Amino acid sequence: MKKRTFIVIITLLFATFSFTTNAQANQRKEQNMKAKKTLVAFFSRAGENYAVGHIEKGNTHIIAEMIAAETRGDLFHIEPQTPYPDDYTECTEVAKRELNAQARPAIKDDAAVEDYDIIFIGYPNWWGDMPMPVYTFIGKHHWQGKAVIPFCTHEGSGLSDTGNKLKTACKGTTILKGLAVRGATAQNAQAQAKESVKDWLSKLKL
Ligand SMILES: Cc1cc2nc3c(=O)[nH]c(=O)nc-3n(C[C@H](O)[C@H](O)[C@H](O)COP(=O)(O)O)c2cc1C
């Protein structure tokens, strides 16, 4: 056999082998995801916001949809019964009052958290904390034995201490490493945001 033919055969064999192992790995990943039921619950507010102007879809909402698409999880939007003001400054004032009062504003609808194994919880960083309706949602459920994974959008504060706050609020859960994305990136640089989401999810090894 000529040397060049030999090299071509070896290259083809190698390509076939690596294609098969990649396909098998993807199949295993999908089976794993299907076996574990995943929920992506998030709070997000459209309207006027810092760094992005007036938006139709909230920044965290955009990231939540990316995570749900990647994990084949179910989406649940945590929505307050009384909407927050559309005006950014007014919203920050209401949110500050609620934070100081540790309010638990009523929310619309609910999700069957108890049916899921993995629950992503997403929120914007509001005054270094989660918006109070997220605590209302958490307070309605039992979290023992669940894996909770935080993600947030922000404009400089990252996740702040919300991982620890979640650990206290969701009693008996394991909190996995969270993701923080700039709101403006989620809104205006979605390809970049998607890369961050994919990279983070692959490192979580769910
Ligand atoms: C009430 C309020 C408080 C905020 N506080 C902070 C903050 O403390 N740190 C920060 O980095 N960004 C803060 N932001 C900016 C938001 O975290 C950011 O715009 C986020 O992407 C909004 O997400 P959403 O569109 O999903 O609601 C605040 C925004 C609002 C409306």
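Values quoted throughout were computed directly from the atomic coordinates according to the rules given, and no laboratory measurement underlies them. Small disclaimer: the values here were computed from a predicted structure and weren't measured. Cβ placement follows ideal geometry from the backbone for every residue including glycine, while neighbour counts extend to all protein chains displayed.
Through the Karplus equation 6.51 cos²θ - 1.76 cosθ + 1.60, θ set to phi - 60°, convert the phi angles of the range 192-206 into ³J(HN,Hα) values in whole Hz; use x for Gly and Pro.
With the stated coefficients, the range 192-206 comes to 5, 4, 5, 4, 4, 5, 5, 4, 4, 4, 5, 6, 5, 6, 6 Hz.
Given R₀ = 35 Å, FRET efficiency for GLU56-ASP199 by Cβ-Cβ distance, to 0.05?
Here the calculated transfer efficiency is 0.85.
List, in the order given, every pair from LYS37/LYS167; LYS37/LYS146; LYS96/LYS167; LYS146/LYS167; LYS96/LYS171; LYS140/LYS165 whose Cα-Cα distance in the structure shown is over 19 Å.
Cα-Cα > 19 Å for LYS37/LYS167; LYS96/LYS167; LYS96/LYS171; rest within.
What ranking do 124-137, 67-80 get when scored by the average of other Cβ atoms within 10 Å per residue, highest first?
124-137, 67-80
Quick one: net charge of ALA46's neighbours, Cβ under 10 Å, K/R +1, D/E -1?
-1
Would you mind classifying the range 36-203 by shape? Square roots of the alpha carbon gyration tensor eigenvalues, ordered a ≥ b ≥ c; an a/c under 1.5 is rounded, otherwise it is prolate if a/b is larger than b/c and oblate if not.
Oblate is the answer for the range 36-203, as a/c is 1.5 or above yet b/c matches or exceeds a/b.
Treat every Asp and Glu Cβ in the range 36-203 as -1 and every Lys and Arg Cβ as +1, leave all other atoms uncharged, and give the resulting dipole magnitude about the Cα centre to the nearest 20 debye.
Charge dipole, the range 36-203, about its Cα centre: 660 debye, nearest 20.
Under a 5 Å amide H to amide H cut-off, with H placed in plane at 1.01 Å, what residues pair with LYS37 once short-range neighbours are removed?
The list, which skips near neighbours in sequence, is ASP117, ILE118.
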